[in-house]
Amino acid sequence: MAGVKISGYGAGLPKLAVTNDDLAQIVDTSDEWISTRTGIRERRIAVDETLTDLCVEAAKAAMAQAEVMAKDLDLIIVATVTADLPLPNASCMLQRALGAVNATCFDLSAACSGFIFAMNTAQMYIRGGAAKTALVVGGEILSKILDWTDRSTCVLFGDGAGAAVLTASETEGILGITTGSDGAKGMALNFMEREIANPFKKTSGKIDVDDMDVSRFLYMEGPEIFKFALTKVPVSISEVLKKTGYKAADIDYFVLHQANYRILSSVAKRLHVSEDKFYVNLDRCGNTSAASIPIAMAEMSRRGLLKKGMKIVIAGFGGGLTWGAALIEV
Ligand code: UT7
C-alpha cells in the first residue's frame, strides 16, 4: 500500500472555560483588548486534568472514528512542550493508559508546529514500511508554564489535546508536506522548565544560551512572532500548493494554527482566498500550541464539515522558530 490516510480525529479539552472577563479579574486587561487584538473570547484551562488525561480523551475519539484498537497501534507520537513529566515521556504515558502494547512511542518538540512535524514523521514511518497504524497527538498544558501576572502572554493560551490516526492505505490522504525552522530567531519565544542544578555547578540561576536570557515562564516577543507568521505562513502554504500542483482556489478549508484571528485574516488576503474558508475556533479555545490544528480538525469532523475528496491545507508556526504546512485529502 503506497498511500497514507488520516482515518480519525479526536479532541480532549479541560472542563473549565475561562473567559476574558475572568482574566480581567487577575491582570490589567479587558475583553475588548483581547478580543479585538486576537479574536480570543475564552479558553479551557486544566485544573483537575493532566496532559495524559487530555491525550487519552483525544486518542480514544480518534481511534473510535478510525475503528482502530489500541493493540493495532504500532507508533504513537505526542507533540508537546509540556509533558506531565520529562520522563517517562508523554507518548509512553499515553501508551500505558491506552494499553497500546505494540506501539513504539516518543515525543516530538516543535511547539506550535509540533502536530505537522509529528504527522510528517508518522507518514514517513508508514511509507517506509516501519509502521501501519500511527496515533499522532498534539497536546499542551501551557497554563503550567505561563506567568499569570504577565498580561501579554497569559491571556493568549489555552490547554487541550487533539489526535489523528494515520493508516497505510490504497488511496492517498496526505498529498504533500513542507516544514522549516529558523533557530537563529528562536529566543523570541522561550521558556525553561528547570534550572541546571548539580554538585558541579557553582552558582544557581538562569541558563544563558549564547548570552541570551531564558525565561522560567513562557516568554514571547509577540510582535516579532506576529511578523514571522505573516511572512512564513503564506510562503509555506504556497510551497505545499506548488509541490502538489494545486492552487489556493482548489482548497476547501485552511486550518491554521489558532494563534490570532488577525494572522488568519492576513494570510487569507495574501492568498486571495475568502476568510470563510479559514476554520476558526480560537475564540473558544485560545492558542493551544501543538494541539490547535488537530482540535480544529476534530471539531470540523464532528460537525460534518469534512466531506470525502475535500482538500484541506493545515499550517503551523511558532516556537523554535518552526513552521510547516500540509495538504490533506479527506
Ligand atoms: O503560538 C505561537 C505563535 N504565536 C503567535 O503567533 C502570536 C503572534 N503575536 C500576536 O498575536 C500579537 O503580537 C499579540 C496578540 C501577542 C500582541 O498584539 P499586538 O497588537 O502585537 O500588541 P503589542 O504586543 O504591540 O502591545 C500593544 C499594547 C502595549 O501597550 P503600549 O506599550 O502600546 O502602551 C501592551 O502593553 O497592548 C498592551 N497589552 C495589553 N493591553 C491589555 C499587551 N497585552 C495586553 C493585554 N491587555 N492582555
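Descriptive notes on the structure:
- Highest-first arrangement of 267-278, 13-24, where packing means the average Cβ count within 10 Å: 13-24, 267-278
- Once the Kirkwood radius over Cα pairs is known for the chain, the Stokes-Einstein relation at 20 °C and 1.002 mPa s delivers a diffusion coefficient of 108 µm²/s.
- DSSP-defined antiparallel bridges as percent of all bridges, the chain, nearest 5: 70 percent
- The calculated 222 nm mean residue ellipticity attributable to helices in the chain amounts to -9500 deg cm²/dmol, summing -39500 (n - 2.57) over DSSP H runs of n ≥ 4 and dividing by all residues.
- Note, ³J(HN,Hα) from phi for region 81-97, Karplus 6.51, -1.76, 1.60, rounded to Hz, x at Gly and Pro: 10, 9, 4, 4, 9, x, 8, x, 6, 5, 6, 5, 4, 5, 4, 4, 5
- With all protein chains in place and ligands, DNA and RNA left out, the 1.4 Å accessible area ranks Ser181, Ser266 as Ser181, Ser266, largest first.
- Under 5 Å, built H, 5+ apart or other chain: amide partners of Gly320: Leu189
- Most to least accessible of Met69, Met192 (protein chains only, probe 1.4 Å): Met69, Met192
- Mean projected area of the Cα convex hull of region 62-109, taken over all directions, amounts to 3.3 nm².
- Solvent-accessible ranking of Trp33, Trp323, Trp148, largest area first, probe 1.4 Å: Trp33, Trp148, Trp323
- Our coupling estimate for region 243-258, obtained by passing each phi through the Karplus curve with A = 6.51, B = -1.76, C = 1.60 and θ = phi - 60°, is 4, 9, x, 9, 10, 4, 5, 7, 8, 7, 9, 10, 10, 9, 3, 8 Hz, Gly and Pro reported as x.
- Here the accessible area of the chain is 52 percent carbon and sulfur, with a 1.4 angstrom probe and all protein chains present.
- Here the dipole of region 37-159 is about 280 debye; that uses its Cα centre as origin and unit charges on the Cβ of Lys and Arg (positive) and Asp and Glu (negative).
- Nonlocal amide H pairs with Phe278, under 5 Å, H built at 1.01 Å: Phe254
The values are calculated or read from the model by the stated rules, or taken from the named source; none is laboratory data. Bear in mind the structure is a predicted one, so any value in this text is a computation, not a measurement. With ideal geometry, Cβ positions are generated from the backbone for all residues, glycine too; neighbour counts draw on all protein chains shown. For accessibility, only protein heavy atoms count, side chains too; no ligands or nucleic acids. Shrake-Rupley method; radii C 1.70, N 1.55, O 1.52, S 1.80 Å.
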